[in-house]
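**Q** Pasting a structure here, questions to come.
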Amino acid sequence: MSIVVISGPSGAGKSTIINKASEHIGSFYFSISTTTRLPRAGEMNGREYFFVTKEEFEADIKEGNFLEYAKVHDNYYGTSLKPVLNALNEGKLVIFDIDVQGHKLVQEKLSKITTSVFITPPSLSELENRLKNRSLDNEETIMRRLENAKKEIKSIKEYDYIIINDDIDRATDEFISVCNVAKLKLSDESIDKIIFSWEKS
Ligand code: ADP
Ligand code: 5GP
């Protein structure tokens with residue numbers, strides 16, 4: 001039972017790193033978040049996110065369907081509880097790409113099984129270049145994301161690991177290492193299981 005939380009400014013390279021690492025980290029479940037933000041070009045409902053209206057999101061909050069949720073850049077983003085519990089019960093590594101507020105909430109509830117990593121480009125100006133080169137957001141959205149990034153970077157100290165994503169191959173290798181070490185993290189449940197099987201065999 002292990003969770004990896006990956007956070008970092010929008011445009012830091014989180015999705016790129018997860019995609020590149022995906023064949024090298026064994027059986028995992030990537031938690032698909034629900035959001036009220038509009039899909040970007042190329043995004044598909046149920047693949048990158050579940051895209052819903054504000055009313056639908058607020059109904060899910062009322063019904064207690066989220067493990068955590070937060071408002072980021074004026075939109076809601078949340079992690080549904082059920083699929084995460086199913087994946088954990090199946091023994092899969094669960095990966096969350098969530099913001100610093102979501103990370104805090106996950107730590108409050110599941111710190112024993114959570115390993116966290118903050119990803120950032122080497123500088124604010126490089127982040128701006130990447131957001132502009134990605135060509136998916138308009139100028140105003142990019143400016144809002146850069147302002148948010150300046151706040152988010154102050155939360156680095158709350159994370160177990162940091163990856164500076166200058167070279168994508170090295171950053172991916174580092175992320176694979178974090179996933180491997182996350183699987184070795186001891187939880188109360190794994191301790192009981194290990195002792196039980198150690199004594200019986
Ligand atoms: P996030 O998921 O954190 O929002 P993305 O994975 O979409 O970020 O990456 C943002 C942009 O930066 C993409 O266009 C991606 O191809 C590019 N990128 C990612 N890592 C690097 C890197 N090490 N060097 C240069 N460009 C990168
Ligand atoms: P984007 O709009 O670029 O896809 O994501 C914006 C920010 O929202 C990123 O920092 C991302 O990590 C965060 N985010 C995505 N899903 C969730 C979620 O379920 N919960 C929280 N708290 N943040 C999320």
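**Q** So Ser22 fits all but one of (1) more than 26 Å from Glu147 (Cβ to Cβ); (2) open to solvent by less than 60 Å² (accessible area, probe 1.4 Å); (3) more than 16 Å from ligand 1 (Cβ to nearest atom); what number is the exception?
**A** Evaluating Ser22 over (1) more than 26 Å from Glu147 (Cβ to Cβ); (2) open to solvent by less than 60 Å² (accessible area, probe 1.4 Å); (3) more than 16 Å from ligand 1 (Cβ to nearest atom) leaves (3) as the failure.
**Q** Here's a follow-up. State which residue pairs qualify: first residue at positive phi and inside region 65-78, second residue open to solvent by 30 Å² or more (accessible area, probe 1.4 Å) in any location, beta carbons under 7 Å apart, and separation of 6 or more residues or different chains.
**A** So the pair list comes out as His73/Arg144; His73/Asn148.
**Q** Continuing with this model, one more query. Taking region 12-32, which residues are closer than 20 Å to Leu110 by Cβ and outside any loop (DSSP other than H, G, I, E, B)?
**A** Scanning region 12-32 gives Lys14, Ile18, Phe28, Tyr29, Phe30.
**Q** Report yes if some residue within region 82-95 is buried (at least 16 other Cβ atoms within 10 Å of the Cβ), closer than 23 Å to Ile25 by Cβ and within 15 Å of ligand 1 (Cβ to nearest atom); otherwise report no. Before the answer, list the steps.
**A** To start, the set of residues in region 82-95 that are buried (at least 16 other Cβ atoms within 10 Å of the Cβ) comprises 84, 87-88, 92-95.
When the remaining residues are screened for being closer than 23 Å to Ile25 by Cβ, the result is 84, 87-88, 92-95.
Next, from what is left, pick out any that are within 15 Å of ligand 1 (Cβ to nearest atom): 95.
Looking through region 82-95, at least one residue is buried (at least 16 other Cβ atoms within 10 Å of the Cβ), closer than 23 Å to Ile25 by Cβ and within 15 Å of ligand 1 (Cβ to nearest atom).
**Q** Take region 173-196 and flag every residue that is of a type outside the set (A, V, I, L, M), open to solvent by 60 Å² or more (accessible area, probe 1.4 Å) and either modelled with pLDDT under 90 or closer than 18 Å to Glu126 by Cβ (or both). Spell out how you get there, then give the answer.
**A** Kept after step one, since they are of a type outside the set (A, V, I, L, M), are these residues of region 173-196: 173-175, 177, 179-180, 183, 185, 187-190, 192-193, 196.
Next cut, open to solvent by 60 Å² or more (accessible area, probe 1.4 Å) only: 173-174, 177, 180, 183, 185, 188-189, 192-193, 196.
Residues satisfying the conditions are Glu174, Lys185, Asp188, Glu189, Asp192, Lys193, Phe196.
**Q** With more than 12 Å from ligand 2 (Cβ to nearest atom), more than 26 Å from Asp188 (Cβ to Cβ) and crowded, with 19+ Cβ neighbours inside 10 Å as the only criterion, which of Ile61, Ile3, Ile17 stands out?
**A** Working: Ile61 fails: crowded, with 19+ Cβ neighbours inside 10 Å; Ile3 fails: more than 26 Å from Asp188 (Cβ to Cβ).
From the options Ile61, Ile3, Ile17, the qualifying one is Ile17.
**Q** Return the total of residues in region 25-34 being in contact with an Asp or Glu (Cβ under 9 Å, 6 or more places away or on another chain) and either open to solvent by less than 40 Å² (accessible area, probe 1.4 Å) or among the aliphatic types (A, V, I, L, M) (or both). Spell out the reasoning first.
**A** First pass over region 25-34, keeping only residues in contact with an Asp or Glu (Cβ under 9 Å, 6 or more places away or on another chain): 27, 29-34.
Now restrict to residues that are either open to solvent by less than 40 Å² (accessible area, probe 1.4 Å) or among the aliphatic types (A, V, I, L, M) (or both): 31-34.
Looking only at that region, the number is 4.
**Q** Let me ask you something else. Applying the selection to region 33-80, what residues are of a type in the set (Asp, Glu) and not in a strand (DSSP E or B)? It would help to see each step written out before you state the result.
**A** If we filter region 33-80 for residues that are of a type in the set (Asp, Glu), which is where we start, we get 43, 48, 55-56, 58, 60, 63, 68, 74.
The answer is Glu43, Glu48, Glu55, Glu56, Glu58, Asp60, Glu63, Asp74.
**Q** From the list Ile142, Ile113, Ile119, which one is within 16 Å of ligand 2 (Cβ to nearest atom) and in contact with a strand residue (DSSP E or B) (Cβ under 7 Å, 6 or more places away or on another chain)? Walk me through it before giving the result.
**A** Numbers: Ile142 fails: in contact with a strand residue (DSSP E or B) (Cβ under 7 Å, 6 or more places away or on another chain); Ile113 fails: within 16 Å of ligand 2 (Cβ to nearest atom).
Being within 16 Å of ligand 2 (Cβ to nearest atom) and in contact with a strand residue (DSSP E or B) (Cβ under 7 Å, 6 or more places away or on another chain) holds for just one of Ile142, Ile113, Ile119, which is Ile119.
**Q** Inspect all residues belonging to region 155-172 and state whether any of them is open to solvent by 80 Å² or more (accessible area, probe 1.4 Å), free of Cβ contacts under 8 Å to residues at least 40 places away in the same chain and either more than 16 Å from ligand 1 (Cβ to nearest atom) or of a type in the set (Gly, Ala, Ser) (or both).
**A** Taking every residue of region 155-172 in turn, at least one turns out to be open to solvent by 80 Å² or more (accessible area, probe 1.4 Å), free of Cβ contacts under 8 Å to residues at least 40 places away in the same chain and either more than 16 Å from ligand 1 (Cβ to nearest atom) or of a type in the set (Gly, Ala, Ser) (or both).
The values are calculated or read from the model by the stated rules, or taken from the named source; none is laboratory data. Keep in mind that what you see is a predicted model, and the values were worked out from it rather than measured. In this analysis, Cβ positions are derived from the backbone assuming ideal geometry, glycine residues included, and neighbour counts consider all displayed protein chains. For the accessible areas, the whole protein counts, side chains as well, though only heavy atoms, and no ligand, DNA or RNA atoms are used. Shrake-Rupley method; radii C 1.70, N 1.55, O 1.52, S 1.80 Å.
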